[in-house]
Amino acid sequence: TQLLEQSPQFLSIQEGENLTVYCNSSSVFSSLQWYRQEPGEGPVLLVTVVTGGEVKKLKRLTFQFGDARKDSSLHITAAQTGDTGLYLCAGAKGNTPLVFGKGTRLSVIA
Amino acid sequence: DVKVTQSSRYLVKRTGEKVFLECVQDMDHENMFWYRQDPGLGLRLIYFSYDVKMKEKGDIPEGYSVSREKKERFSLILESASTNQTSMYLCASSPGTYHINEKLFFGSGTQLSVL
């Protein structure tokens, strides 16, 4: 059972454009993590959001946790080629391993 | 920085062979994990360990076993490799003394091809 749905699955945009990717669930999570995976590497943690409604910014990346802690979004402003990669969200429930979404593959073209 | 090292980046094995994938972390983390990553299927948890000699099944343990004899090392074993085990295998660790789902640190992965 896929508890975390990510959309879109693929996204190809021009450099300088803005984009938003989504991570949705019918389950409540205690926290949500976003990872980025570049080709040939393992995922690297970008941010953890814990409180419902929380917004965190990491340079041009803005992460939001839904009020009900069931969903999250990642917004990138003025995308750069270096943003290219696979973006994964992962939800934490109790003391069990993280549940990962299937990811959004972003390609930023110069 | 935490370093999670996987012994091989690429591995080619034949059907029926016994395969060992090794993973070492250098930050004294309690928890270690093995995932496989396949296009369209995302990351799927095979096994995890929260202490030396302890192991727990993940979502897809069939056809795999693990060993954790030392805190820093977590091995994934394919007893008799099959073609459907061709995949990218990712090892991860987390400090998680109280929570197993804290921040994960991943290795660079091993791309295993079973012919």
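Could you check the simple spin-label distance between residue B:15 and residue A:27, using points 7 Å along Cα→Cβ, in nm with one decimal?
Here the modelled spin labels are 3.5 nm apart.
Within 10 Å of each Cβ in peptide B:42-51, how many partner chain Cβ atoms are there on average? Round it to a whole number, please.
3
In the protein assembly as shown, if the dipole is taken from +1 on Lys/Arg beta carbons and -1 on Asp/Glu beta carbons about the Cα centre, which of A:89, B:58, A:48 is farthest to the positive end?
Highest projection toward the positive end goes to B:58.
Distance cut-off 27 Å, Cα to Cα: go down the list A:70/B:71; A:102/B:103; A:59/B:103 and report the pairs above it.
Cα-Cα > 27 Å for A:70/B:71; rest within.
Three principal axis extents, largest first, for the C-alpha atoms of segment A:1-83, in Å?
The Cα atoms of segment A:1-83 stretch 34, 26, 20 Å along the principal axes, largest first.
Applying the Karplus parametrisation 6.51 cos²θ - 1.76 cosθ + 1.60 with θ = phi - 60° to the phi angles of segment B:62-70, what ³J(HN,Hα) value in whole Hz is obtained for each residue in order, glycine and proline being reported as x?
Per-residue couplings from phi come out as 4, x, 10, 9, 9, 9, 9, 8, 10 Hz.
Given a 1.4 angstrom probe, what's the average accessible area per residue across chain A, in square angstrom?
Per residue, chain A has an accessible area of 47 Å².
Counting only residues 5 or more places away or on other chains, whose amide H sits under 5 Å from the amide H of residue A:102 once H atoms are built in the peptide plane?
HN-HN under 5 Å from residue A:102: A:6.
Take peptides A:17-26, A:71-80 and line them up by average Cβ neighbours within 10 Å, highest first, as a rough protection proxy.
Averaged packing, sorted descending, gives the order A:71-80, A:17-26.
Could you give the length gained on full extension between residue B:67 and residue B:54, defined as 0.36 nm per residue of separation minus the Cα-Cα distance, in nm?
Roughly 3.8 nm would be gained on extension.
Across peptide A:85-98, what mean number of C-beta atoms from other chains lies inside 10 Å of a residue's C-beta?
The per-residue average across the peptide is 4.
The values are calculated or read from the model by the stated rules, or taken from the named source; none is laboratory data. As the structure is a prediction and not an experimental result, all values here were calculated from the model. Don't worry about glycine lacking a Cβ; one is built from the backbone with ideal geometry, like all the others, and counts go over all protein chains shown. Quick note on the areas: whole protein, heavy atoms, side chains included, nothing else; ligands and nucleic acids left out. Shrake-Rupley method; radii C 1.70, N 1.55, O 1.52, S 1.80 Å.
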